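Colleague: Handing you this structure, nothing more for now.
All of the numbers you see were taken from the coordinates with simple rules; none came from a lab. Quick caveat: nothing in here was measured; it's all calculated off a predicted structure. All Cβ positions, glycine included, derive from the backbone under ideal geometry; neighbour counts span all protein chains shown.
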Amino acid sequence: MNVRIIKPQNQRHLLHRVRFQLLGGLAFAILTPALVRMLIDPKILYYSNIQITIFAGIIAHTVGFFFFRRIGNLPGVAAAGYIMPTFALSYGFVYLVIFLFRFDYSAFQAAGSLTLSIFWYFGLSILSRRLDPYSLAVIPGGAVSRLEEISGVNWYWLGSPDTVVGRVSGVVADLRAELSDEWERYIADRALSGTPVYHVKQISESLTGRVEIEHLSENTLGSLNPNQAYLKIKQAIDWLSALFILAVFSPLLLFVAIAVKLDSVGPALFKQKRMGYRGNIYEVYKFRTMKLSAAIGDEKEEAITKTGDARITRLGQFLRKSRIDELPQAINILRGEMSWIGPRPEALVLSKWYEAELPFYRYRHIVRPGITGWAQVNQGHVAAVDDVLEKLHYDFYYIKNFSPWLDVLIVFRTIRTMLTGFGAR
């Protein structure tokens, strides 16, 4: 009998344990700056400003840790890349509260704690990738062959039910396939031994960030209605932030509007009918980035922006790449028609075309359309039906996993997109 043995792992690796990561991080990041100061002044811990800063650092570090873990569990995330922004955000918020309430604090302790927090989790990330890479065992049969296309995972393809599973993070199988009695017993044994067992569709979604729709069902999309409480909270945050953007950046918006007028003939704002929340039609506002005199083909062709489109003006290329052309949509957010984050709304003519070609396309309208979204930061701008189908898979993943954690990740990736121009046309 040919038995392939994968090294046993009876316990979770120390580097992945929450207690080790968090307590080690607190000890390293909070105590180290204080101990350095104690070499100069042994009584430093008795000072109120140091005590306040240490307490604030503990809160900021703990919030940043759980924030980072939640984002790091989302698909396609190179976790190390989000250590700095998440901890900068948590520390920034805590110390902003301290500043507003005029508490006395130690700048050295605060800066040292933030810096060492980032170093600690960067170090853990590097060690984790080297000592305990993410590995999954795969049971043959059904649709598991699709997993070969997914990178970033060590796949162990099991040859027989006699294989001993050890140092892997879980077992993957197509639970809808006709598996033999031996494989079904194998799956039951692995589950009873504490090894996670995943359905191939479940693990594929979590690693790619896409939901491949076969038919609309509770099992495919979870609840068909996204979290209503978070919908309300998100709408309130959207409204307040849009009001802030329009009030604070109105001089910039006015400057851009004048620049658009000077760059080419036509109005500063571009208006277009689009399909929105719950299938309602609304008019979207953007800074105009195209020439007015360049009509091409039929209405559908005119609504599609192609790579290197000759209609785009010189200024329009910059506005599109930086996404500044999207800022007037803050007006749509104030009117309750849009959100900062959600499925990107399509021109009405394109939306009707996609609805005719793609099943369940209308379901993406169950949440408010967004200026940026999960599909935009993963795929960029697309127009062809086949590409829109893939975009739909991203949109459905966003709806299925509708949460503040996913929204924050989209914000981080949108900032990167604005700096790199990814997906712009």
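Colleague: With θ set to phi - 60°, apply the Karplus curve 6.51 cos²θ - 1.76 cosθ + 1.60 along segment 191-204 and write out the HN-Hα couplings as whole Hz, x wherever there is a Gly or Pro.
Modeller: 5, 5, 7, x, 7, x, 10, 10, 6, 4, 5, 5, 6, 5
Colleague: Okay, next question. Which ³J(HN,Hα) values, rounded to whole Hz and listed in residue order, are derived for segment 30-43 from phi using the Karplus coefficients 6.51, -1.76 and 1.60 in 6.51 cos²θ - 1.76 cosθ + 1.60 with θ = phi - 60°, glycine and proline given as x?
Modeller: Calculated HN-Hα couplings, in order: 8, 6, 4, x, 5, 5, 4, 5, 5, 5, 8, 9, x, 8 Hz.
Colleague: Let me ask something else. Between Ser160 and Leu246, what is the label-point separation in nm under the 7 Å Cα-to-beta-carbon projection?
Modeller: 7.1
Colleague: A further question follows. Putting +1 on Lys and Arg Cβ atoms and -1 on Asp and Glu Cβ atoms, find which of Gln272, Ile44, Ala236 reaches farthest to the positive end of the dipole of the chain.
Modeller: With unit charges placed on the Cβ atoms, the residue in question is Ile44.
Colleague: Please list, ordered by chain and number, the residues whose modelled amide H lies under 5 Å from the amide H of Tyr198; skip anything fewer than 5 residues away on the same chain.
Modeller: Answer set, sorted by chain and number: Val171, Val172, Ala173.
Colleague: Name the residue, out of Lys400, Lys43, Lys261, whose mean-square fluctuation peaks in a Gaussian network model built on the chain with Cα pairs under 10 Å.
Modeller: Of the options given, Lys43 has the highest mean-square fluctuation.
Colleague: Let a ≥ b ≥ c be the square roots of the eigenvalues of the Cα gyration tensor of segment 228-420; is it rounded (a/c under 1.5), or, if not, prolate (a/b larger than b/c) or oblate?
Modeller: oblate
Colleague: Here's another thing I want to ask about it. Using Cα pairs under 8 angstrom and six or more residues apart, how large is the relative contact order of segment 228-420, in percent?
Modeller: Once normalised by length, the contact order is 22 percent.
Colleague: Once you have the alpha carbon radius of gyration of the chain, what is it after dividing by 2.2 N^0.38 Å, with N set to its residue count?
Modeller: 1.17
Colleague: Taking a 25 Å limit on the Cα-Cα distance, which of the listed pairs Lys271/Lys352; Lys201/Lys400; Lys261/Lys352 fall beyond it?
Modeller: Exceeds cut-off: Lys261/Lys352.
Colleague: If you plug each phi of segment 406-412 into the Karplus form 6.51 cos²θ - 1.76 cosθ + 1.60 with θ = phi - 60°, what whole-Hz ³J(HN,Hα) values come out, in order, with x for Gly and Pro?
Modeller: 5, 5, 5, 4, 5, 4, 4
Colleague: Turning to a different aspect of this structure: Amide H to amide H, which residues 5 or more places from Met290 or on other chains are under 5 Å from it, using H placed in the peptide plane?
Modeller: Answer set, sorted by chain and number: Thr313.
Colleague: Under 5 Å between amide H atoms, partner at least 5 residues away or on a different chain: which partners does Val211 have, H built in plane at 1.01 Å?
Modeller: So Val211 has HN proximity to Tyr394, Phe396, Tyr397.
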